[in-house]
Structures are given as C-alpha cells and as structure tokens.
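Take a look at the structure below.
The values are calculated or read from the model by the stated rules, or taken from the named source; none is laboratory data. What you are looking at is a predicted structure, and each value in this text was computed from that prediction instead of being measured. With ideal geometry, Cβ positions are generated from the backbone for all residues, glycine too; neighbour counts draw on all protein chains shown.
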Amino acid sequence: MANYITDFHGCEEALKKGDVEGVLYLSKQSKRAMILKKMAEVKELKIKNISIDEMDKMSSVDHRGFLLQIKNKSTTHKKEQVSFETFIETFDKDNGLVVILDSITDPHNYGAILRSCDQFGVDLVIIPSRRSASETPVVSRVSAGAVNYVNVAVVTNLNRAIKQVKKAGFWVYGADMGGKSAPDIDFKGRVALIMGSEGTGMHQKVKESCDGIVSIPTKGNVDSLNVSVATGILLYEISRQQN
C-alpha cells in the first residue's frame with residue numbers, strides 16, 4: 001500500500017526536513033504548488049500534474065490538491081514511538097514539559113495539539129492505548145507535519161503512568177473549569193499538563209491524581225474553549241515561565 005503525505009503543510013514539512021524519495025502530485029497551479037514544485041526539484045523527485053478526481057482515487061484523505069507519495073515512512077524523519085519507561089528513567093532536565101491526553105479521540109483536535117506541542121517544545125506526549133486518537137493521515141495534515149517531530153508514548157494504564165511521572169519529579173496539573181488561573185501558577189521546574197476530552201473532561205481518577213487544577217481566565221458566553229485551543233494557550237503560559 002502506498003504511503004501518502006497530504007496537504008500543503010504536510011508535504012512542505014516532509015520536503016523540508018526529510019531525505020524524500022517518491023513522487024509529488026499536484027492538482028492545481030498556484031503559488032503554493034510552485035513552492036512545493038521547486039522543493040521537489042531540489043530533491044530530484046518526479047512531479048506529476050493530475051486532476052482532483054485522479055487524486056481522490058489515490059487517497060481518500062482530504063488532500064487539498066497536494067499529495068506526496070513516498071517510498072517508506074523513514075524518509076520523513078518520523079519520530080519513533082518513545083518508550084515511556086525509558087523517558088522516565090533517562091530524563092535529566094531541570095525544566096520539563098509533558099502533556100498527558102485523557103480520551104482525546106477526535107483526530108483534528110489531536111493533530112492540532114501535536115502542532116502546539118511541537119511549537120512549545122513539549123518533551124513528551126502521553127496517550128492511552130485505548131480511547132485515544134492515534135496517528136492517521138488526518139492527524140498528520142492537521143498537525144502540519146508536527147506528528148513527525150513530537151515524542152509520543154502510548155501507555156496501557158494512564159493512572160499508573162501519571163504516578164510514575166510524579167515520581168520522576170513532575171508536578172501534575174489537570175486543565176478544568178474552576179481551577180486556579182494559569183498566570184497565577186508557578187510552572188517552573190518539571191510540569192505535566194493533563195487535558196481531558198471536550199465532552200466529559202478528565203476521568204475522575206485522573207483528576208484526583210492531579211497536584212493542582214488549572215484554568216484559563218476567559219470572558220466569553222460559551223462554556224469553554226476547544227481542547228486544542230486551550231492546550232495551546234496553557235502550553236504558551238508554561239513555556240513562557242520556563243524560558
């Protein structure tokens with residue numbers, strides 16, 4: 001089965017960072033298409049102009065008119081899945097930032113969260129093996145290629161993993177309405193941020209394991225922010241304090 005990278009940003013990141021071998025398919029003439037074409041020419045890749053209908057047959061994912069077929073995943077410098085135990089045993093930085101996702105099942109939210117994690121230098125993202133989004137073409141596209149660079153560890157028991165994170169010296173904060181305002185919290189040192197699902201938030205046992213609850217001060221009329229937006233805001237505040 002062919003391996004495809006879709007969307008302008010996903011293709012751009014792969015061409016920018018990776019030693020890519022494959023074919024670039026374009027279905028439109030635009031400034032973005034010219035950018036990718038020039039990058040592909042530098043990599044000495046084949047470039048083919050095809051119709052949208054032809055591209056739809058090649059990939060069922062929303063490609064936005066850009067499709068990069070590669071020979072194997074290693075050409076995109078994809079991060080290998082990280083061993084959670086190895087991370088805990090070897091992490092040696094004074095300041096650290098871990099994101100723990102509790103039942104984030106929507107691939108668009110997951111991809112957007114990974115994009116923020118990449119931008120704010122998150123050391124590790126922890127997701128459960130069940131009830132969680134995982135890497136898919138949609139996640140890759142929404143993350144704008146960040147899925148290739150963010151360390152992700154999959155664990156079978158999230159509560160047990162949180163206990164191990166705490167033993168490693170991380171102060172664990174769960175995001176929830178009614179918590180302490182983020183700017184009023186000291187985030188220096190090793191910090192783990194737990195984000196729950198938009199529908200139900202964190203599971204009760206997960207919430208009970210937190211050292212503190214953090215919230216974002218808002219003034220709007222709707223109940224809450226989108227989980228990926230909230231993650232980005234909280235990561236900014238933590239990163240600002242740590243750096």
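Annotations for the structure displayed:
- Qualifying positions in segment 177-198 - under 19 Å from residue 229 (Cβ atoms) and under 20 Å from the mean Cα position of the chain (by Cα): 193, 194, 195, 196, 197, 198
- Taken over segment 99-132, the criterion of being of a type in the set (Val, Ile, Thr) and either touching a residue at least 40 places away in the same chain (Cβ under 8 Å) or closer than 15 Å to residue 199 by Cβ (or both) is satisfied by 99, 100, 104, 105, 113, 122, 126.
- Within segment 177-187, tally of residues that are surrounded by 12 or more Cβ atoms within 10 Å (Cβ to Cβ) and not in a helix (DSSP H, G or I): 5
- The set of residues from segment 83-105 being part of a loop (DSSP other than H, G, I, E, B) and buried (at least 19 other Cβ atoms within 10 Å of the Cβ) comprises 103, 104.
- Any hit, segment 196-216, residues being farther than 23 Å from residue 93 by Cα, of a type in the set (Asp, Glu), out of contact with any strand residue (DSSP E or B) (no Cβ under 6 Å at 6 or more places or on another chain) and surrounded by fewer than 18 Cβ atoms within 10 Å (Cβ to Cβ): yes
- Boolean, residue 129 is small (Gly, Ala, Ser) and surrounded by fewer than 21 Cβ atoms within 10 Å (Cβ to Cβ): yes
- Test: residue 222 is out of contact with any strand residue (DSSP E or B) (no Cβ under 7 Å at 6 or more places or on another chain), of a type in the set (Val, Ile, Thr), modelled with pLDDT under 95 and outside any helix (DSSP H, G or I): yes
- Residue ID - farthest from residue 15 (Cα to Cα), chosen from residues in segment 31-63 that are part of a helix (DSSP H, G or I) and in contact with a Ser or Thr (Cβ under 6 Å, 6 or more places away or on another chain): 52
- Verdict on residue 237 being closer than 20 Å to residue 113 by Cβ, in the same structural domain as residue 135 (by TED's automatic domain parsing) and acidic (Asp, Glu): yes
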